[in-house]
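The values are calculated or read from the model by the stated rules, or taken from the named source; none is laboratory data. Keep in mind the model is a prediction, meaning the values are calculated, not measured. Cβ placement follows ideal geometry from the backbone for every residue including glycine, while neighbour counts extend to all protein chains displayed. Side chains are part of the model used for accessible areas, which takes the heavy atoms of the whole protein and leaves out ligands, DNA and RNA. Shrake-Rupley method; radii C 1.70, N 1.55, O 1.52, S 1.80 Å.
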Amino acid sequence: MMGGVHTDINGATPVEGLYAAGEVACVSINGANRLGSNSLPEILVFGARAGQAAAEFVGSHGIGSSAALAQGRDEERRLERELARHTEGRERIADIRTEMQEALESGAGIYRDASSLAKAADKLRELRERFASASIDDHSRTFNTELLATLELSFMLDVSESIVACALRREESRGAHQRTDFPARDDRRFLAHSLIHREPDGPGRIDYLPVTITRWPPGERVYGR
């Protein structure tokens with residue numbers, strides 16, 4: 001994937017009191033082309049800005065008023081439920097993870113089309129349903145790496161579904177997103193960042209954020225001339 005949590009130039013996310021920087025974040029300075037070594041300058045520049053903004057937030061609001069802390073407490077309770085929910089089941093975490101990787105590799109690699117993406121989306125829906133009945137053998141509450149792998153798989157399924165859903169909607173080729181059924185770039189419709197929001201009923205809602213063109217407008221990518 002390319003991108004991450006949507007932030008402003010100071011690392012602030014839509015959740016008040018939560019800041020992000022580096023590859024987990026999307027400050028929207030690089031567009032669809034993930035350039036080599038971007039992560040280091042991003043973490044140095046925007047990590048510093050996010051840290052300063054977070055400190056100023058705490059100084060003016062107090063640490064107890066953060067919406068991020070309230071969500072953190074909700075997440076702690078969710079983890080307790082996750083541990084209890086996965087004590088019994090018939091699916092193995094490793095099997096679901098392997099099938100997820102294969103679905104993305106075959107259906108949503110660099111070269112993809114509507115058919116391959118639709119198949120990947122169907123497979124991910126199946127895996128999401130199977131994940132609900134996944135089982136872990138370690139029921140301890142200390143250094144439970146199996147529970148950690150379960151939580152990571154849940155997040156990976158979220159990201160995988162987001163990638164496929166956005167790729168299906170984006171009927172063009174841009175950067176590392178190459179649709180063989182739509183080989184041309186379409187700046188009229190898709191010169192925009194894809195934003196996906198979690199909905200209470202499960203499937204994400206996709207919006208688009210227009211790109212602000214400053215000094216260099218996008219040009220045609222050509223090679224050998």
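Of the residues LEU83, LEU79, which single one is assigned to a helix (DSSP H, G or I), touching a His at 6+ places or on another chain (Cβ under 8 Å) and at pLDDT below 95?
Only one candidate qualifies: LEU83.
Looking at the stretch 167-177, is at least one residue in a helix (DSSP H, G or I), surrounded by 17 or more Cβ atoms within 10 Å (Cβ to Cβ) and touching a residue at least 40 places away in the same chain (Cβ under 8 Å)?
yes
Just give me the residues in the stretch 201-225 being open to solvent by 70 Å² or more (accessible area, probe 1.4 Å), part of a strand (DSSP E or B) and farther than 25 Å from SER116 by Cβ, in sequence order.
Of everything in the stretch 201-225, just one residue is open to solvent by 70 Å² or more (accessible area, probe 1.4 Å), part of a strand (DSSP E or B) and farther than 25 Å from SER116 by Cβ, namely PRO210.
Tell me which residues, restricted to the stretch 178-200, are loosely packed, with under 13 Cβ neighbours inside 10 Å and small (Gly, Ala, Ser).
Scanning the stretch 178-200 gives a single hit, ALA184.
Conditions tested, residue by residue: (1) open to solvent by 30 Å² or more (accessible area, probe 1.4 Å); (2) closer than 30 Å to ARG179 by Cβ; (3) under 19 Å from the mean Cα position of the chain (by Cα); (4) without any contact (Cβ under 8 Å) to a residue 12 or more places away in the chain.
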site: GLY17; (1), (2), (3), (4): no, no, no, no
site: GLY59; (1), (2), (3), (4): yes, no, no, yes
site: SER66; (1), (2), (3), (4): no, no, no, no
site: ARG81; (1), (2), (3), (4): yes, no, no, yes
site: ILE93; (1), (2), (3), (4): no, no, no, no
site: LEU104; (1), (2), (3), (4): yes, yes, yes, no
site: TYR111; (1), (2), (3), (4): yes, yes, no, no
site: LEU117; (1), (2), (3), (4): no, yes, yes, no
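Of the residues GLU161, GLU129, only one is open to solvent by less than 90 Å² (accessible area, probe 1.4 Å) and of a type outside the set (Phe, Trp, Tyr); which?
Going through GLU161, GLU129 in turn, just one is open to solvent by less than 90 Å² (accessible area, probe 1.4 Å) and of a type outside the set (Phe, Trp, Tyr): GLU161.
In the stretch 136-153, is there at least one residue being of a type in the set (S, T, N, Q) and touching a residue at least 60 places away in the same chain (Cβ under 8 Å)?
Within the stretch 136-153, the first condition is being of a type in the set (S, T, N, Q), and the residues that meet it are 140, 142, 144-145, 150.
From the residues that got through so far, the ones that are touching a residue at least 60 places away in the same chain (Cβ under 8 Å) too are 144, 150.
Checked against the condition, which is being of a type in the set (S, T, N, Q) and touching a residue at least 60 places away in the same chain (Cβ under 8 Å), the stretch 136-153 yields at least one hit.
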